[in-house]
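Please see the structure below; I have some questions.
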Amino acid sequence: MLDPAEFLSPFGIRALSKVHAEPYEVDLDHRSFIIRYLPGESDSRLFGGNSNWRGPVWMPINYLILSALREFHRYYRDDFRVECPTGSGQMLNLAHVADELALRLARLSLRGHDGLRPVMGAYAGLQRQAGSADLVLFHEYYHGDTGRGVGASHQTGWSGLVALLMDGMPKIA
């Protein structure tokens, strides 16, 4: 889950491993089934249209993972550490892993070094327009590699969870 080559995105945990950018196919009962990581919009009409549960970052799943990490930390305390991100050599307790995940999710809505918010990636002109710099949309899900908002853009029911993650978080530069 903490490997950037698989589930760990710069903006949270992907719903499907990036390893599956190379499609995985299985034949069952004379039918072929394919699963493939797509970081943004789906290219399949499966499930009635642009339903993409195969790769992007979903706030509710990330929030549940983060909550579970914090709960496990209450049990295991600081003694249990894992490498985060995988391959970095950095060993963190589960609370710090949750903090790292919360930071990645918060970065969806915060301005980067370029002054732009990843969530607003489809609206570069709007981000630069006077009076609109602080407009932040809460999308249905997020591009697994860039953080661009995808799907419906008024999903405050679950994507608004980012506000809870940012509460009490140190100021991020």
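The values are calculated or read from the model by the stated rules, or taken from the named source; none is laboratory data. Here the structure is a predicted model, which means the values were calculated and not measured. FYI the Cβ positions are ideal-geometry reconstructions off the backbone, even for glycines, and counts take in every protein chain you see.
Being assigned to a strand (DSSP E or B), of a type in the set (A, V, I, L, M) and closer than 23 Å to LEU105 by Cα is the filter here, so list the residues in the range 1-42 that pass it.
LEU8, ILE13, listed by residue number.
Further, regarding this structure: Select from the range 131-161 the residues that are hydroxyl-bearing (Ser, Thr, Tyr) and in a strand (DSSP E or B) and write down the one among them that is nearest to the chain's Cα centre (by Cα).
Looking at residues that are hydroxyl-bearing (Ser, Thr, Tyr) and in a strand (DSSP E or B), I get TYR142.
Cβ-Cβ under 6 Å, sequence separation 6+ or interchain: first residue in the range 113-133 and under 13 Å from SER153 (Cβ atoms), partner assigned to a helix (DSSP H, G or I) and at pLDDT below 90. Which pairs?
MET120/GLN127
Looking for whichever is exposed (fewer than 12 other Cβ atoms within 10 Å of the Cβ), at pLDDT below 85 and either of a type in the set (Gly, Ala, Ser) or closer than 21 Å to PRO4 by Cβ (or both) here; the options are ALA133, ALA163, ALA173. Which one fits?
ALA173
I'm trying to understand the selection: among the residues of the range 100-145, which are hydroxyl-bearing (Ser, Thr, Tyr) and closer than 29 Å to SER88 by Cβ?
Answer for the range 100-145, where residues must be hydroxyl-bearing (Ser, Thr, Tyr) and closer than 29 Å to SER88 by Cβ: SER109, TYR141, TYR142.
This table checks each residue for (1) within 28 Å of LEU161 (Cα to Cα); (2) more than 12 Å from the chain's Cα centre (by Cα); (3) at pLDDT 90 or above.
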{"position": "SER32", "(1), (2), (3)": "no, yes, no"}
{"position": "ASN52", "(1), (2), (3)": "yes, yes, no"}
{"position": "VAL57", "(1), (2), (3)": "yes, no, yes"}
{"position": "PHE72", "(1), (2), (3)": "yes, yes, yes"}
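Find the helices (runs of 4 or more DSSP H) located wholly in the range 58-129 whose residues include 3 or more that are more than 22 Å from GLY151 (Cβ to Cβ), and list them.
Working: elements: 59-76, 94-106, 124-128.
Here the list reads 59-76, 94-106.
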